[in-house]
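Here's the structure we're looking at; comments come further down.
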Amino acid sequence: MQKGIIGKKLGMTQLFDEHGKVVPVTVIEAGPCTVVQKKTVESDGYVAVQLGYGDVSAKRVSKPAAGHFAKANVAPKKTLREFRLESIDAMNIGDILKADVFAAGDHIDVVGTSKGKGYAGTIKRWNGHRLRESHGTGPVARHAGSMGSCSTPSRVFKGKKLPGHMGCERVTIQNLIVVKVDAENNLIAVKGAVPGPKGSVVCISDSVKA
């Protein structure tokens, strides 16, 4: 059965395995999450479950969102995420999901938002090449180069790798391994690094590569 949960990245530390080797891990506060909505093929055309994470004051929620939570008879949540699962028959609206939905050894995918890195040039942002600083290059060694836009098509094509804001993008890290689960404190230790700065929201689901 597929599983999913919303969490918050707390930071990185290290654990020791049974052989005494150091394992770098990211600690994630996974849940508790509340089932806010169930989507079925009959009503929505696909099967999914909507989870809510993090309590928020009712006055901080818009009227449409307040009605959505009232319909499910659950307290307002700060974060809502949807997980497409093969079956949601075992879940009911109002159920609480905690970190123990996963176990040590599980392979997971983690989705988060990368750190913002500010305004960057085309070389840093897209790993481009610089020009040879020989005779005739001029002060354009780190520029993007020609746009290739003459009278036809008279515009720059979408997707052109240009300078701009770097970071703050949706990033998915696949096939990570759960090293340890602390069900009492709702903590999951994942081998390696996950996207996002400390305190950012991440979504954890079963890995399709496992």
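Selection of the stretch 111-164 for residues being of a type in the set (A, V, I, L, M) and within 30 Å of A30 (Cβ to Cβ) yields only V111.
If you check F83 against the conditions, is it among the aromatic types (F, W, Y) and assigned to a strand (DSSP E or B)? Taking the combined requirement at face value, the residue satisfies it. With respect to the conditions (1) open to solvent by less than 40 Å² (accessible area, probe 1.4 Å); (2) of a type outside the set (D, E); (3) more than 30 Å from H165 (Cβ to Cβ); (4) in contact (Cβ under 8 Å) with a residue 60 or more places away in the chain, A48 falls short on a single one, namely (4).
Taking the stretch 103-210 and the strands (runs of 3 or more DSSP E) fully enclosed by it, the elements with 2 or more residues that are closer than 30 Å to P32 by Cα and out of contact with any Cys (no Cβ under 6 Å at 6 or more places or on another chain) are at 107-113, 170-182, 187-191, 201-206. Can you tell me which residue is farthest from the chain's Cα centre (by Cα) among those in the stretch 73-122 that are of a type in the set (S, T, Y) and farther than 20 Å from P195 by Cβ? Checked the stretch 73-122; the qualifying residue farthest from the chain's Cα centre (by Cα) is T122.
Residues are listed down the side, and each one gets a yes or a no for (1) of a type outside the set (A, V, I, L, M); (2) over 20 Å from D89 (Cβ atoms); (3) touching a helix residue (DSSP H, G or I) at 6+ places or on another chain (Cβ under 6 Å):
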residue: K8; (1), (2), (3): yes, yes, no
residue: Q14; (1), (2), (3): yes, yes, no
residue: V22; (1), (2), (3): no, yes, no
residue: G31; (1), (2), (3): yes, yes, yes
residue: V35; (1), (2), (3): no, no, no
residue: Y53; (1), (2), (3): yes, yes, no
residue: K77; (1), (2), (3): yes, yes, no
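A Cβ distance below 9 Å, combined with a sequence gap of six or more or placement on separate chains, defines the contacts here; from the stretch 136-162, residues that are more than 15 Å from I123 (Cβ to Cβ) and open to solvent by 90 Å² or more (accessible area, probe 1.4 Å) reach residues that are of a type in the set (G, A, S) and assigned to a loop (DSSP other than H, G, I, E, B) in the pairs R155/S149; F157/G148; F157/S149. Screening the candidates A65, A70 for the property of being modelled with pLDDT of 90 or more, closer than 28 Å to K198 by Cβ and surrounded by fewer than 16 Cβ atoms within 10 Å (Cβ to Cβ) yields one hit, A65.
The values are calculated or read from the model by the stated rules, or taken from the named source; none is laboratory data. Keep in mind that what you see is a predicted model, and the values were worked out from it rather than measured. Counting neighbours? That spans all protein chains shown, and the Cβs are built from the backbone with ideal geometry, glycine included. Calculation scope for accessible area: heavy atoms of the full protein, side chains included, ligands and nucleic acids excluded. Shrake-Rupley method; radii C 1.70, N 1.55, O 1.52, S 1.80 Å.
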